[in-house]
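Structure first, then comments.
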Amino acid sequence: MKYLELRGIYKHYDDFDIVVDFHIENGELFTLSGPSGCGKTTLLRIIAGFIKPDKGKIFLSGKDITDLPPRERNISIVFQNYALFPNRNVYKNITYGPESKRWDKMRIADKAESLLSSIRMEKYAARNTDMLSGGEKQRVALARAIAAEPEILLLDEPLSALDVTLRNTLRNEIREIHEKTGLTTIYVTHDQEEALSLSDRICVMNNGRIEQTDSPLNLYHNPKSSFTARFIGESNWLKITGISDDKVMTEAGLFKKPERTIPLNEEEKLSYIFFRPEYCEITGPQESGPAGGNNNLNYIRVKITKKTFLGSYYRVEAQPEAGENIKIILYDYFPYKTLDKDYAAFRIDPEKTICIT
Amino acid sequence: MKNFIIAFLIVFLLMFSVSCSKKSSVSENLVIYAYDSFISEWGPGPIVFPLFEEKTGIKTEIVSPGDSGQVLSRLILEAEKPEADIVIGIDNNMAQKAISAGILEKYTSDALSNIDDNLIFDKSGHITPYDYGFFAIIYDSEKISVPPSSLDDLLDRSYSKSIILMDPRTSGPGLGFLLWTVKAYGDDFTEYWKKLSPNILTISEGWDSGYGLFVNGEAPMVLSYTTSPAYHLEYENSEIYKAAVFENGNYMHIEGAAIVKGSKKREEAEKFIDFILSEDFQKELPLTNWMFPVRDIPLPDSYRAALKPEKYLLLDSRTAAENIDSWIKEWLTAVRD
Amino acid sequence: MTVKKSAAVFYSLPFLFILFAFYFPLANLLISGVSPSSLINIFSESYFKSVFIFTLKQAFFSAFFSMIPGLTGAYILVNFNFPFKNIIKSITLVPFVLPSIIVVLGFVLLFGNNGLINSAAMKLFDLEKPPFLILYSFKAIILAHVFYNSPLFIRIVSSAWERISGDIIEAAESLGATKLRVFITAVLPQILPPVIAAFSLIFILCFMSFSIILVLGGGPKFTTLEVEIYRLVRISMDIRAACSLSVLQSFVTLSFLFIYSFYQKKTSMIYSDNFRIPEKKSSSSLLQIILIVLFFLFLFIIIIMPLAMIIFESFRFKSSHAGNAVFSLRWYIKSFSELGFRPVKNSLILASVNTLLTCAVSVAALSFLQRKKTVMKVLIETFFAMSLGVSSIILSLSYMKAVSDFQIEIQPLVLLSMLHSVIFLPLVFKSISVFYDKIDRSIIESAESIGADRRRILFTIELPLVRGGIITGGVLAFALSMGEINSTLMIAPDRFTTIPVAIYRLIGSYNFSQACAMGSILIVTCVISFFLIDKSGRIEL
C-alpha cells in the first residue's frame, strides 16, 4: 500500500531544481540521504507543507494533501536545533500538540506521562527547557512531535548537533520508539552510518534528483548508480585502461569482466572496476611476478603502505604497481602472517565486482 | 491578555464605525476657527464665547487647528468645502495670503466707524481688526541701565550676546521683527542683521522658548510686545521688565477676524463680527490676549507699563505678502554667514 | 476554513490601518497638487546643501554620542543588580515625553548663563561673568539630544541584551577568553541588531528635530530640513511644497533605515537556542565600579538634574520680583483649580489608546511578516515605517484635508488616536521587530506541524517571546504620546487639554512657573506609568 506518495513533485530554484517521485509504505522508517545541498531538507519541508511545490501532488493514505497547510497534514517534524518553545517547560512543550488538537484534559495528561516515561524524563517535567542538555532537549523535541499522534514523523538531521556516544544512544531510542509505535518516519541525514543502521529503506538524493531508493543492504552491495556507489560506504575504483569481450585491464591488474555494469554519471569519460574494501581476500606474500599463478585474473599485487589493527579487523592501505592506493579491510587475517611483510597479493571475487562505465 | 487584545480591537473598531459616518448636514452651530492661545484656558475664549451665546442666542462651535499659521493653512485646505463660518486671528502679515487664496468674504461692520482708521489694515474690506500691539525689545532694567532707543542702538558693542530673537520662519514675533528691519532699512536690512549678529544670544523657534530664556535670566533683552511688562505688573507686581520704545517707531501687529467664504450662516456671522467690536469683547482682550483693543476704551491699571509708541511702523500688507519669501532668504544668508 | 478567514482578516488589519490612516490622507494631500516648482526653488537655494549636510551631521553625532552612555547604561542594567533599578529605568525615559520647551527650560535652569552651574561657580570663585558657556553652540545641541535619546538607546539595547544566553557567555569565558574578548566575540554580534536599530531610530528622530536645534544651537546657523517645512506651511502657505519636502525627507530617513534594516536582518540570523539568564554579578572589579560610578554621574548630571530643576522651579514662589523665593504649592493648587484632573486624564487616555493600538498593529504586521522572505520583509517594514519621516504638521494637515474633502465625520478623539498611532507606529514596530527577528523559524514550524493554528501560535509562542519588545515599544509609544504636542494642538477636539498642551498654553500666557508645575505633573505621571507598564508586562501571559 502506498502510504505517502509524492507524484511528479517539481520545485524550481535559481541554482537547481527538485524533481522527485516516490512513495513510502505504512510503518516504514524511510531515510532521505545525500550530500548537503542535494535537496533532501527541501523535500522534507515540501512533505511537511512549509514549501509548496511548483508542480506535482502529495497523497497521504490516498488523500491529496498538496494544498493543506502544515497543521492540517498531521505530519510532525523534529529539527536539528530542537526548536523547543523557550517560554514553556518540558511538560508544556510535550502537551502543546495535543492541546492544539483540543484533546480532553485526561487524555493529554495520560499521553504526556507515558511519553515522559518512555524518554525517561519523568523528573524533568517542570524544568525549563534551557536547563536541559542537548540530548535531553532532543528527546523532548521527539516526544513533543509524537505526542499529537501524527501519521508521519519527520526528522531533520535530529542527531547532528550531538556528540558521538549520545548520537548512538539516541539512534537506538529512535529505532525503539519507531518499533514500538510503528509510526511512519522520514529521516533526513547526511550521515550514511546513521542511514544504514536505522532505515528500512534509504533514498539517496543528488542535485535535486533521486539516485536510488533501496534497502540499506542493496544500496551497499548493489548500487544502481555511480553516485550511490561513491556516496554509500567505502570503495575502490580502479581505472580501466583496456577492455575485451571477457576481460578488463586496469592499472593494478587484469580482471574478469564483471557481469554487473552501471552507468557513470560523471563528467569524465573513464570506466572503472568497483569493489568494496572487504571484498578482498589475501592470497599470500608476493614480492614479484604475477599474482596467483596461471589464473592471474582478479589478482592484485600491492605494497602495503599503512595498516591499522582494529581488533576485529585490519584496515590496510596498499599501493598497487600502478594507479591509486586501494583500501582493504581484512576480517580473516589470522591464517597468514603475511601482513608483516611489505608486499602482498589479493584476490577479488569476480562476482562481487561492478563495472562502472 | 489574549482576550484583552481581542476585546480592545473590537471596541476600537466599534468606536470607529460608530464615529465614522457621512456628514449628514452642515453644523447647526456657528463654527469659529481660532488660534490655540485664543481659546486656551488663559485666553479670551472661555469668557467671550459664552458671552456671545448668551447675548445672541447663537450657539458656537470653537475649533482650534493650532497657531495662527496653522489656522490659515487649514482654511486654505478646506477652501472647496469650508467648515468654518468665522476665522479669528488673521494678522496684517498674513492678510494678503488669505485674501488672494479667496477664502474670505467681504463684510464691513457698522461698528468700524468707532475705530481709528489706521488700524483698519485691510482696505479691501474682508478682515475686521479687533486688537493690536507693538513689537518691542523688552529689557531687564536691573541689568540694562541705558535702554536702547532705536534699532541702531541695538548694535552697541556692550550688548554682546545680550539679545534673544525669534526665527521668522517659525514664529510670528520673529517675522514681525524681520519686517521691522525691512521697513526701517529697506534693501540694506541684511547689512543691519550682519552687524546685529554678535549681539544675538540665540534665535529661538518660538516666542515661548525665547521669552522663557529671558525670564530665566539668560539674556537681558528679548523680542516681545510692549504689553509684556503689563503682565509682570499685573501678576508679579514687578516693574523690572520694561519695553524699549524706539524713536523711529515700533513695528505694529494687528489681528483681525473675518467671515469665511461659503458660510451658510451669513447673518449669524455678521453678528459675531459686530460682537468682536463691542465693548464686551474688547474689554477682555488686554488681560487675556495681552493686546491693545482697537476700540478706545479704558485700559486696566497694569497697562501703564504697556507703552504705546507715538510713532509706529507698518509695511503695506500687499508688499509684505509678495516679498516675505525672498526677504527670509536674504535674511538667512545674512545671519548664517 | 473559518480559521483561515479569520487569520486573513487579522493579518489584513495592520495593512488596512496604515493604508487608511496614513497613505490615504497623505496621498489625498499630495494628489491635489504636488508643487515641484517650489521644491526646485528650495533645492536651488545655496544654503539648502549646507542645511542638508548639517541635518545629517548633527543627527549622526547625536546618535553616536547617545550610543556611548546608551551602551554603558545597557551593560550596567543587564549585568548588575542594584536597588531601585526599575525606578531608575523609568526615570531615564522621562526626557522622551517632555515637550521641547520644558527641556529647554530645564537645560537653561541648569547649564544656562544664569543657570545653577554657572551661578554657583560665579559665587564660589567670585566671578563677574559665567565661566561655562555651554549653551547656544553645537555641543549644546548634542548635549540636549543625548539627554533626549540615550535613554531610548538603553531601553532598546538592554531589553535585547537581557535575552542573550548565559551559556554562550560562559562558554566563551570557560574557553579562557578575556572579558573584552567575550564581549566582542560572544555578546557584540548578538546585540548588534538592537544597537543598529536604536542608532537608526535616534538618527531619524534627531534628523527631524528642530526647536532644540534652533534655541540651544543659537539660531539659524544650525537649521534642519524640518524648519523649512514649517516655513513653507506657516509663512509661504505653500502646503503642497511643504508636503513634498516632507515626503522627500521621509525618503531620506527611510533610505537610511532601509540600509540599517537590511544589515540588521543579516546579523540577526545568528541563532541562539540556549536561552538562559546569566547570573547577575554582585562582586565587581575596580574598572566596573568606576564605570558604574561614571554612568551614575552622567545619569545624574545630564538626565536627573535638568528634570530636578524643573520640579524645583515648580515649587518656588516669589511674592515680588525682588523678594526671596519660598517653597510653595501655589502653582499646583492653581493648576488643579483651573484645570482639575482633565489634562492628566486626557493625556493618559490618549497615551493608552496609542500604546495599545501601535502594539496591536505592530504585532499583527510582524507576525505576518515573519513568514516572508528577507527582501519582501524589508520592503513591507519600510512600508510601515514611512510615517517616521513625515513631519507631524503635514500629517495633521492631511487629516484635516481628508476629513474636509470626503465629509467624513470622525470623532476628533478617535482621529487624534489614529494620528498618534501613525506617527509612533514605526518606533514601536522597530522595537518589537528586533525580537521577532530573533524567533527561530523552526520553533514556529514545529508548532505548526503539531497542529497549532496561527492564532494559537501567536498567543502561546510569539507573544511570550516578543514580550520584551512589546514592553519597550509600549513604553515608547506611551511616552511619545504623552509628550506629543503638534498634532494634538491641530487635531484635538475642542477643550481637549493634555498636559503638554496645558504647558504650551501656560507658557504662551507667561505662566512659566505654573508650566513647570504641569511639567512636574507630566514627569510624575510618566514615571508611575512606565513603572506600571514594565510591571504588568512582566506578568506571565
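A few notes on this one:
- Length-normalised contact order of chain A in % [C-alpha pairs under 8 Å, at least 6 apart]: 16 percent
- Counting only lysines at least 8 places from B:K264 when in the same chain, those with an alpha carbon closer than 22 Å to its own are B:K22, B:K23, B:K55, B:K59, B:K81, B:K106, C:K401.
- For chain A, the Cα-based Rg and Dmax, in that order, read 24.9, 81 Å.
- Share, in percent, of DSSP beta bridges within chain B that are antiparallel, nearest 5: 60 percent
- Per-peptide average of other Cβ atoms within 10 Å, ordering A:97-106, C:475-484 highest first: C:475-484, A:97-106
- Taking max minus min of the alpha-carbon positions on each principal axis, region C:283-365 gives extents of 52, 46, 19 Å, largest first.
- Take the convex hull of the alpha carbons in region A:83-138; its mean projected area over all directions comes to 3.7 nm².
- Sequence-separation-based contact order of region B:172-312, relative, with Cα cut under 8 Å and 6+ spacing, percent: 27 percent
- Applying a length cut-off of 20 Å (Cα extent along the axis) and a mean Kyte-Doolittle floor of 0.0 to the DSSP H helices of chain C leaves C:2-18, C:46-79, C:138-161, C:188-207, C:239-267, C:342-369, C:392-406, C:412-436, C:467-483, C:512-538.
- In straight-distance terms, cross-link reach from A:K307 covers every one of the aspartates and glutamates whose alpha-carbon lies under 12 Å from its own, apart from those fewer than eight places away in the same chain; here that gives A:E317, A:D340, A:D342.
- Of all DSSP beta bridges in the protein assembly as shown, antiparallel share, percent nearest 5: 70 percent
- Legend: distances between Cα atoms for A:K111/A:K137; B:K143/B:K195; B:K183/C:K129; A:K40/A:K224; A:K111/C:K535; C:K85/C:K345; pairs beyond 25 Å are B:K183/C:K129; A:K111/C:K535; C:K85/C:K345.
- Per-residue HN-Hα couplings for region B:71-78 [Karplus 6.51, -1.76, 1.60; θ = phi - 60°; Hz; x = Gly/Pro]: 4, 5, 4, 5, 4, 5, 4, 8
- Zone residues, region B:296-337, relative to B:S197, backbone N less than 11 Å from point 7 Å out along Cα-to-Cβ: B:332-337
- Packing rank of B:331-337, B:67-73, where each peptide gets the mean count of other beta carbons within 10 Å, highest leading: B:67-73, B:331-337
- Taking Cβ atoms as reference points and 12 Å as the exclusive limit, the residues near A:R171 contribute a net charge of -3, counting Lys and Arg as +1 and Asp and Glu as -1.
- Close amide H contacts of B:L315 (hydrogens built in the peptide plane, cut-off under 5 Å, sequence separation of 5 or more or a different chain): none are found.
- Extension gain (nm, one decimal) between C:Q411 and C:N114, 0.36 nm per residue minus Cα-Cα: 102.3 nm
- For region C:364-414, diffusion coefficient by Stokes-Einstein and Kirkwood Rh (Cα), 10 °C, 1.306 mPa s, µm²/s: 119 µm²/s
- Derived scalar couplings ³J(HN,Hα) [region B:136-144; Karplus, 6.51 cos²θ - 1.76 cosθ + 1.60; whole Hz; x for Gly, Pro]: 7, 7, 8, 10, 8, 5, 6, 9, 10
- Across peptide A:83-93, the average count of Cβ atoms from other chains found within 10 Å of a residue's Cβ is 5.
- Averaging the Cα positions of each part gives two centres, and for region A:64-108 and region C:301-369 these lie 48 Å apart.
- Taking every Cα-Cα distance in the protein assembly as shown and sorting them into 20 Å bins from zero, the calculated P(r) comes out as 10, 31, 27, 17, 10, 4, 1, 0 percent.
- Peptide packing: for B:204-214, A:252-262, A:141-151, B:276-286, the average count of neighbouring Cβ atoms within 10 Å per residue gives the ranking B:204-214, A:141-151, B:276-286, A:252-262, highest mean first.
- Per-residue mean of C-beta atoms belonging to partner chains within 10 Å, peptide C:224-232: 3
- Average beta carbon contacts from partner chains per residue of B:326-335, 10 Å cutoff: 3
- Normalising the average separation of contacting C-alpha pairs (under 8 angstrom, six or more residues apart) by the number of residues puts the relative contact order of region A:114-216 at 20 percent.
Any read-out appearing in this document is the output of simple, stated calculations on the displayed coordinates, not a laboratory observation. Computed from a predicted model, the values in this text were never measured in an experiment. Here Cβ is always computed from backbone atoms with ideal geometry, including for glycine, and neighbour counts include all displayed protein chains.
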